[in-house]
Amino acid sequence: MGATVESTVLHRDPKTYALNDFGRLAVVQGVSSFGDALLTVSLAGSIFFSQDIYKSRSQVLLYLLLTMAPFAVVAPIIGPALDRSKAGRRTLMAIGLFGRALTCYLMAGQLDTLYLYPLAFLALVLAKGHTVAKASLVPAVVKSDDALVDANSRLALIGVVASTVGGVLGAGVIAVLGAPWSLRFGAVMFLLGGFLALRIPKAKASTAPETQEEVVELHAPSIIFAGSAMTIMRGSVGFLAFFLAFHLRSSNEAKWFFGAVLAASAVGGLIGVLIAPLARRRVREEVILSTTLLAAAVMALIAARYPQRFSTLLIVLVIALASQCGRIAFDSLLQRDGPEHLRGRAFARFETRFQLAWVVGALIPVALLDLLTEREGYFALGLGLAFATATYIGSLRTRGAWAGRVEHVDETIENDGRAVESDPYSDDDEISGDDFDDDSRPESGRTRG
């Protein structure tokens with residue numbers, strides 16, 4: 001009897017290795033992030049670090065321009081397909097992972113040819129589809145809205161750890177065996193992830209047409225304001241990543257400092273995913289997002305005033321923390337306020353916007369490589385983030401959201417002639433492991449991913 005009770009507890013506790021619905025999603029996230037890290041370090045070594053800085057600059061520009069193309073596919077095609085397909089999220093994850101396994105295998109033999117770029121394009125399309133599917137699936141594997149930040153944080157933490165381990169391992173494989181073998185290893189990981197994705201429960205088709213209320217919900221001020229703020233944050237991440245990459249190379253910085261910068265980014269991301277759920281238990285998603293924007297802006301301006309190695313490491317850490325924490329808050333806000341029926345296309349739309357902002361931010365320092373000094377780069381970054389902070393907080397204060405007085409669109413939709421009222425910010429229920437236990441969740445509550 002004791003053994004039976006113990007095994008039941010282990011099966012139902014998401015903190016163990018038992019694969020309930022959330023556990024299956026978490027494992028796929030870890031394997032996918034591991035494979036993405038192997039793919040990224042392989043491409044970085046082939047396109048950026050193996051060539052003269054000005055030759056690599058032209059290839060990086062080509063790569064960045066190429067990365068903009070997948071989003072023409074993600075928003076209009078993948079999002080609606082997710083919402084209407086019988087097994088949309090699970091199927092898209094599996095197809096994306098199997099597809100990336102094939103592209104990694106093919107890229108291993110094409111690193112020195114132009115075929116690398118269309119293969120990279122295909123890998124990016126599949127990766128963005130996976131990101132959208134994962135984000136739109138999260139609400140289906142948790143029991144309550146209060147658990148969304150916690151769930152997103154756990155998935156982000158798994159992603160950060162898996163990416164860090166995968167990146168370090170990939171760098172070691174490249175040093176010993178070369179980039180092709182790192183890509184082949186990545187292909188194996190993606191193949192494994194594809195089979196694991198098929199274990200995520202099959203979803204029911206969502207064929208009902210979108211209603212006017214759902215369209216209005218998708219354009220709720222809370223979502224629009226937060227989306228605009230996160231767009232600037234993502235652009236800042238792209239700007240800083242490529243600004244530092246080229247600046248450090250042109251300054252002939254030691255290789256250990258490149259490693260230190262990468263380590264600072266990993267640590268910042270890790271801190272961000274740990275802080276987000278703790279902060280959500282005390283404040284709303286809007287406060288988390290505005291605070292992270294403010295911290296990033298202040299740190300960028302400090303780095304502009306004192307441009308040195310320590311401030312470089314500090315700004316990388318803070319930007320990574322702010323980006324990770326802010327993204328978790330935004331995902332939870334969209335899952336909280338956005339229409340469930342349009343969740344796939346909602347995440348596709350915002351993922352498209354954020355990634356395009358990242359690419360545009362990255363293009364600026366690459367195109368202005370000879371014009372931006374370290375101080376000027378940090379100052380421009382600080383101004384952009386300060387503008388985002390001021391406009392976002394101003395928008396919240398104008399609508400009363402800063403004081404918690406905003407009534408969301410979904411609270412005022414007419415239902416059989418009467419208004420439906422709810423408090424999306426209620427913290428009366430403590431978040432616990434049961435919030436992730438899909439077996440205890442009523443089937444009438446949420447539509448599974």
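Specify the residue that is surrounded by the fewest Cβ atoms within 10 Å (Cβ to Cβ); the eligible residues are those in the range 25-50 that are at pLDDT 85 or above and farther than 15 Å from residue 167 by Cα.
27
Among the listed residues 161, 149, identify the single one that is closer than 26 Å to residue 195 by Cβ and either at pLDDT below 85 or β-branched (Val, Ile, Thr) (or both).
Values: 149 fails: closer than 26 Å to residue 195 by Cβ.
Being closer than 26 Å to residue 195 by Cβ and either at pLDDT below 85 or β-branched (Val, Ile, Thr) (or both) holds for just one of 161, 149, which is 161.
Give all pairs with beta carbons closer than 9 Å in which a residue from the range 164-183 that is farther than 18 Å from residue 258 by Cα meets a residue that is surrounded by fewer than 16 Cβ atoms within 10 Å (Cβ to Cβ) and modelled with pLDDT under 85; count only pairs at least 6 apart in sequence or on separate chains.
179/50
Go through the range 277-318 and count every residue that is closer than 15 Å to residue 374 by Cβ and surrounded by 22 or more Cβ atoms within 10 Å (Cβ to Cβ). Give the steps one after another, and end with the answer.
Keep residues of the range 277-318 that are closer than 15 Å to residue 374 by Cβ, which gives 299-316.
Okay, now just the ones that are also surrounded by 22 or more Cβ atoms within 10 Å (Cβ to Cβ), so 299-300, 303, 312, 315-316.
Result for the range 277-318: 6.
Can you tell me which condition residue 252 does not meet? The list is (1) among the polar types (S, T, N, Q); (2) modelled with pLDDT under 85; (3) under 18 Å from residue 351 (Cβ atoms), and all the others hold.
(3)
The values are calculated or read from the model by the stated rules, or taken from the named source; none is laboratory data. Quick caveat, the model's predicted, so the values are computed rather than measured. Because the Cβ atoms are built from the backbone with ideal geometry, glycine has one as well, and the counts that use them run over all protein chains shown.
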